[in-house]
Amino acid sequence: MAEKPIAPSDARKAIRLFRDAVNQIRLLQRSAIPRWSDGMTTWFADERPPEEREEFLLYNDAELERYREARDTLQRSIELNPYFPDAYVLLGNACSEIDGDNDTMLQYYDDAIALDPDNDEFHNARMSHHLSSGALDQALIDLGHLERLQSGYAESMREHYEKARNGG
């Protein structure tokens, strides 16, 4: 992929757009936390995970619309500066949370890691998804990166990996 030059004004605008999206998403998460807490308490009381995505409503319709706007803002930020990996991770999270589109989320995580291969937070996020989806071979690759990087995540993710590998 040939790198295209980015004008300083576009880079600054991309950063502003990214920050706007981050702030919007943080506000949405804060408003949803009480609902999430209530839902999790119910799950643990029942000792079962939700069977369908709608069973545990992350966001109401108005919040989802604002989240979609934040996602669009992230996409505009990436169009202006395609070399900012944090925007890809946040965009991936948005695709998963809004639409349940984990394939697209993983592609954005991959894009972020391609730009910043030594970022342990990116490997940790991707490994968490791989563990939850049962893709243990892929999780092991990320675990190897975390251990090579001597990440603070490595030990706990090794435990999660071993538990998943042993059917836990």
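The values are calculated or read from the model by the stated rules, or taken from the named source; none is laboratory data. Fair warning: this is a prediction, and the values are worked out from it, not measured in the lab. Cβ placement follows ideal geometry from the backbone for every residue including glycine, while neighbour counts extend to all protein chains displayed. The accessibility values were calculated without ligands, DNA or RNA, using every heavy atom of the protein model including side chains. Shrake-Rupley method; radii C 1.70, N 1.55, O 1.52, S 1.80 Å.
Report yes if Ala154 is more than 27 Å from Ile15 (Cβ to Cβ) and open to solvent by less than 30 Å² (accessible area, probe 1.4 Å), otherwise no. Walk me through how you get there before you give the answer.
Working: more than 27 Å from Ile15 (Cβ to Cβ): yes; open to solvent by less than 30 Å² (accessible area, probe 1.4 Å): yes.
Here the answer is yes, as Ala154 does meet what is asked.
What is the number of the single condition among (1) more than 24 Å from Asp118 (Cα to Cα); (2) surrounded by 14 or more Cβ atoms within 10 Å (Cβ to Cβ); (3) at pLDDT below 95 that Glu52 does not meet?
Evaluating Glu52 over (1) more than 24 Å from Asp118 (Cα to Cα); (2) surrounded by 14 or more Cβ atoms within 10 Å (Cβ to Cβ); (3) at pLDDT below 95 leaves (2) as the failure.
Every residue in region 64-100 that is surrounded by fewer than 15 Cβ atoms within 10 Å (Cβ to Cβ) and assigned to a loop (DSSP other than H, G, I, E, B), please.
Scanning region 64-100 gives Tyr83, Gly100.
Residue-wise test of (1) in a helix (DSSP H, G or I); (2) over 19 Å from Asp86 (Cα atoms).
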| residue | (1), (2) |
| --- | --- |
| Tyr108 | yes, no |
| Asn124 | yes, no |
| Ser128 | yes, no |
| Asp142 | yes, no |
| His145 | yes, no |
| Ser151 | no, no |
| Met157 | yes, yes |
